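Reviewing the structure listed below.
The values are calculated or read from the model by the stated rules, or taken from the named source; none is laboratory data. Worth saying up front: this structure is predicted, and the values here are computed from it rather than measured. Because the Cβ atoms are built from the backbone with ideal geometry, glycine has one as well, and the counts that use them run over all protein chains shown.
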Amino acid sequence: MRKEEYIKILFRNKLSVIGLSIILLLVFVAIFAPFLAPYPEQAKGEPNLKERLQPPSWKHPFGTDHMGRDIFSRVIYGARTSLLIGFSVVSIALVIGLFLGLIAGYFGGKFDLLIMRITDIFLAFPPLLLALLIASTLGRGLMNAILALAISWWPWYTRLVRGMAISVKNRPYVEAAKAMGVADWKIMIRHILPNSVSPLIVQATMDIGSAILEAAALSFLGLGVQPPTPDWGLMISEGKNYFLNYWWYPVFPGLAIFVTVIAFNLLGDAIREVIDPRLRRRFL
Amino acid sequence: MNDLLKIENLYINFRTLWGVAKVLNGINLTIKEGEIFGLVGETGCGKSVTASTILRLLPSNAEVSGKVLFKGENLLEKSEEEMRKIRGKEISIIFQDPMTSLNPLFKIRDQMVDVITLHNNLSKEEAEKRAKDLLEKVGLPDPERVLNSYPHELSGGMRQRVMIAMALSSNPSLLIADEPTTALDVTIQKQILKLILELKETYGFSVLFITHDLGVVAELCDRVGVMYAGNIVEIAPTEELFENPLHPYTQGLLSVVPDPRYKKKLKPLRGSVPSLLNPPTGCRFHPRCDYAGDLCKKEKPELIEYSPDHFVACHLYGGNSE
Amino acid sequence: MIRVEHLKKYFPIKHGIIRKKTMWLKAVDDVSFEIQKGETFGLVGESGSGKSTLGRTILRLYEPTSGKIYFGDVEITSLTKAELKKMRPKMQMIYQDPYSSLNPRLTVFDIIAEPLKEHGYKNPKERVLELLEAVGLSEEHAKKYPDELSGGQCQRIAIARALALNPEFIVLDEPTSALDVSVQAQVLNLLETLQKELELTYLFISHDLGVVRYLANRVGVMYLGKLVEMGNIDQVFETPKHPYTKMLLDSIPIPDPKLRSLRLQKTVLRGEIPSPLNPPAGCRFNTRCPYAKEICKKEEPQLVEVEKNHFVMCHFAEEM
């Protein structure tokens, strides 16, 4: 009965269905990229200088770039990079955020003080700036980009989780667990954690889109992903010089980012709809 | 005494995500001028929905049919603008939790003056004077201090008195009180009940007092209506109801109310309140009734006058359409 | 079975931004009493009386500020955390709101199995089903989540959970206040049956004197952190000696309309309940007491035994 309810709520909103569909399409594309891309070798970087900077045509639906590579294929492969970054960044930040947030919220006192002060220091930086700083320190490359973004992201989750943990720890069922003699760490995992994650799930879903966007910014600035890896941000960066005469170069990767971020936001909204009514009791 | 409020065959359905909830199943009741009418029932019986219907404050997914006659006019047929003139002026309401009925961001002064000037043509100074006057009448000894306070600075009992003052500021004919003392301590509750009674004697308004507490009903109300799962099952003057309960549900209810005067043997009703999405056929009480017969499963009993001024909706006492 | 000696629980409230003052909320202020094995001790009072705090402090869910608590021969207040954990199965608690006392993310089975698994049961299934039956539920409820069940059913699950480890003593904090009156009757009957079958001792906290009359053998009345009257339930309810108890009993709505004109005429208790942060000097009740004299404003009265087992905390206890 419950699962049927969730599905009903999820599909109630047209926009959420659109968001969900786009993301499923994206995942599909990312997984089956080698089969969907007409020119997989070019996507991975092999140059094709004979066909440089050609406008969109039947042969090359999105045109070609300055190395003659098929942009359509590169955009498809770019989905892999983007989704990888998005999910990795958010996952790492979630793990760190949950860990620190639970400890700070549940134990309070000195732990709370220490963790929140560190969190505040990180939060004082403009997020992109912090990511830039870390990325430039760590060096270029995909892994460093992911690390840099994750490090600038975890403080937000810590704060969210801490807030929820504080309100949950005073609930009677937590006290009942204590009255049974259950150890603190077990209480945190079994009782506090599952009841603190709802706002986090919504936020994290939307953040996947934002992470992709920020990773694109990093690539655009030369940090993060390096050529010839197919990455939307990198493609925009390379394409910006050609924008005036060869508009298709940066536009299609740009559209890809745009659509992806919107899709994740819509999905986040949809999930919020599902989570909220579920917390409400059934109508008598 | 004339009829002030007459509800005729009121049916209300709510369209929800899980189906249609048949919240009110054709209720009939009358409130006379100057009387305190108690509406008793447990969770989900529909007593609060009845109050919302009188004020036409139902959510958009509600389907309504029937009549709500106030001073002879059907409130369900009035326009929103006409209703706004009635709400707060002719019919006022006080709720259970005064903390959420009062805006925590504004001082009492602002909120009271707001309400008073809305329904009366008074200047701000005159409204303030009226507010002070009302606060004194509801038993608050230092009106100036109360006016200067924010809601959270006052105790529960004081907030409820402020609510009563605001509700009475335009001399309503009907005061609806929806569980006004449920959240208060018992000694404070007594003060508020006494206050309501005194104000009623002085100003002559009627009260629709909604509660689940039969003790409060016994102390305060002139007549009582008992509700179960969207139906009115019995209406009678208070003494008559307690002495001579006719409906099996009323009997069951009276036998499970604990009495501090002695250790009463509680004989609980079996089963539990039904879901309104899928209520029992015929008489909604039949699954829990020891006297249920075949007719009870098929036909809903009508509310009939079994003895003078004592109404009951049960096939044991007639109540068929014959 | 339970003995409480001079128990105090004060909460520090930090006050002010610049000059940090600490005010003390004296929730429980020097309370002493005993609960016999197998009896139900009722604890009544209004908001700010400290009854809920007292219940929790007895189980050491709050650490007492001072005073001693004895469970049988063992002084609980001096136990270490590890020793206390071993005692935990013997003393359990049931809460007021059935829904928030159960973890909404766990199934009924997991909720009841938790204490069992925590204390060594490797395969709790049989015991869980046994407990469900004892509280009047069945196996099909085990797979459900709390929000799929009614308030009465949730409270039964809370009771099943409390019984899992064969406790001897249960603190019940307003266990039926959030339930409809017909469901309340079912739960009260269940509690009574279980008490007889399992030889349980109850500390029953409630503001509803009718409910307390039903279950309790002895009763204690609390006001602003003090135990102002204590005795046999019939003694206290029929011949109350403390002015507060009298007023309390006068204020309860009685489901008998014939008494109406008499009762509403009786003196209504004036004033509001003072804040526990700033209780009146002398006898805490003096600001609202119709019999208050000079001494009441200055000196705190002691608990006096006015008849066998009937104690009152009032300067004029004998005369009442």
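Some observations on this one:
- Exclusive hit being modelled with pLDDT of 85 or more and under 26 Å from residue A:46 (Cβ atoms), set A:236, A:262: A:236
- Of all residues in the stretch B:180-212 being among the charged types (D, E, K, R) and in contact with a helix residue (DSSP H, G or I) (Cβ under 8 Å, 6 or more places away or on another chain), the one that is farthest from the other protein chains (Cβ to nearest Cβ): B:194
- Filtered residues of the stretch C:95-110 (kept if more than 23 Å from residue B:272 (Cα to Cα) and buried (at least 18 other Cβ atoms within 10 Å of the Cβ)): C:103, C:106
- For the stretch C:210-228, the criterion of being away from chain B (no Cβ under 11 Å), in a helix (DSSP H, G or I) and more than 30 Å from residue C:11 (Cβ to Cβ) is met by none of the residues.
- Each residue in the stretch B:16-41 was checked for being surrounded by fewer than 21 Cβ atoms within 10 Å (Cβ to Cβ) and assigned to a loop (DSSP other than H, G, I, E, B), and 5 pass.
- Being touching a Leu at 6+ places or on another chain (Cβ under 9 Å), of a type outside the set (Ser, Thr, Tyr) and assigned to a helix (DSSP H, G or I) holds for only one residue in A:266, A:223, A:213, A:234, and it is A:266.
Here's the yes/no breakdown for (1) crowded, with 18+ Cβ neighbours inside 10 Å; (2) of a type in the set (D, E, K, R):
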{"residue": "C:78", "(1), (2)": "no, no"}
{"residue": "C:93", "(1), (2)": "yes, no"}
{"residue": "C:118", "(1), (2)": "yes, yes"}
{"residue": "C:135", "(1), (2)": "yes, no"}
{"residue": "C:141", "(1), (2)": "yes, no"}
{"residue": "C:144", "(1), (2)": "no, yes"}
{"residue": "C:172", "(1), (2)": "yes, no"}
{"residue": "C:176", "(1), (2)": "yes, no"}
{"residue": "C:182", "(1), (2)": "yes, no"}
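- Residue B:109 being closer than 18 Å to residue B:153 by Cα, out of contact with any His (no Cβ under 6 Å at 6 or more places or on another chain) and basic (Lys, Arg): yes
- Verdict on residue C:187 being within 25 Å of residue B:273 (Cα to Cα) and part of a helix (DSSP H, G or I): yes
- Note on the stretch B:138-165: among residues that are under 22 Å from residue B:88 (Cα atoms) and outside any helix (DSSP H, G or I), the one that is nearest to the chain's Cα centre (by Cα) is B:138.
- The stretch A:148-184, residues that are hydroxyl-bearing (Ser, Thr, Tyr) and within 14 Å of chain C (Cβ to nearest Cβ): A:167, A:173
- Comparison of B:146, B:138, B:162 shows that the only residue that is more than 28 Å from residue B:50 (Cβ to Cβ), of a type in the set (Val, Ile, Thr) and surrounded by 16 or more Cβ atoms within 10 Å (Cβ to Cβ) is B:146.
- Of the strands (runs of 3 or more DSSP E) lying entirely inside the stretch B:208-321, the ones with 2 or more residues being crowded, with 23+ Cβ neighbours inside 10 Å are found at B:223-228, B:231-237, B:310-312.
- When C:137, C:129, C:106 are checked against the criterion of being within 14 Å of chain B (Cβ to nearest Cβ), of a type outside the set (S, T, N, Q) and either within 21 Å of residue C:202 (Cα to Cα) or out of contact with any Ser or Thr (no Cβ under 8 Å at 6 or more places or on another chain) (or both), C:137 stands alone in meeting it.
- Cβ-Cβ contacts under 6 Å between residues 6 or more apart (or on different chains), taken from a first residue in the stretch B:171-189 that is within 24 Å of residue C:244 (Cα to Cα) to a second residue that is modelled with pLDDT of 85 or more and hydroxyl-bearing (Ser, Thr, Tyr), are listed as B:189/B:181.
- Residue within the stretch C:69-77 that is at the interface with chain A (Cβ under 9 Å from one of its Cβ atoms), part of a helix (DSSP H, G or I) and within 18 Å of residue A:180 (Cα to Cα) present: no
- Taking the stretch A:1-120 and the helices (runs of 4 or more DSSP H) fully enclosed by it, the elements with 2 or more residues that are closer than 27 Å to residue A:246 by Cβ are at A:14-31, A:33-36, A:40-44, A:71-107.
- Any hit, the stretch C:3-25, residues being surrounded by 16 or more Cβ atoms within 10 Å (Cβ to Cβ), free of Cβ contacts under 8 Å to residues at least 24 places away in the same chain and either aliphatic (A, V, I, L, M) or assigned to a loop (DSSP other than H, G, I, E, B) (or both): no
- Some residue of the stretch C:111-123 being more than 14 Å from chain A (Cβ to nearest Cβ) and either touching a Pro at 6+ places or on another chain (Cβ under 9 Å) or modelled with pLDDT under 90 (or both): yes
- Residue A:64 meets each of the listed conditions (1) closer than 24 Å to residue A:199 by Cα; (2) buried (at least 18 other Cβ atoms within 10 Å of the Cβ); (3) polar (S, T, N, Q) apart from (1).
- Some residue of the stretch A:185-196 being within 10 Å of chain C (Cβ to nearest Cβ), farther than 28 Å from residue C:57 by Cβ, in a helix (DSSP H, G or I) and touching a helix residue (DSSP H, G or I) at 6+ places or on another chain (Cβ under 7 Å): yes
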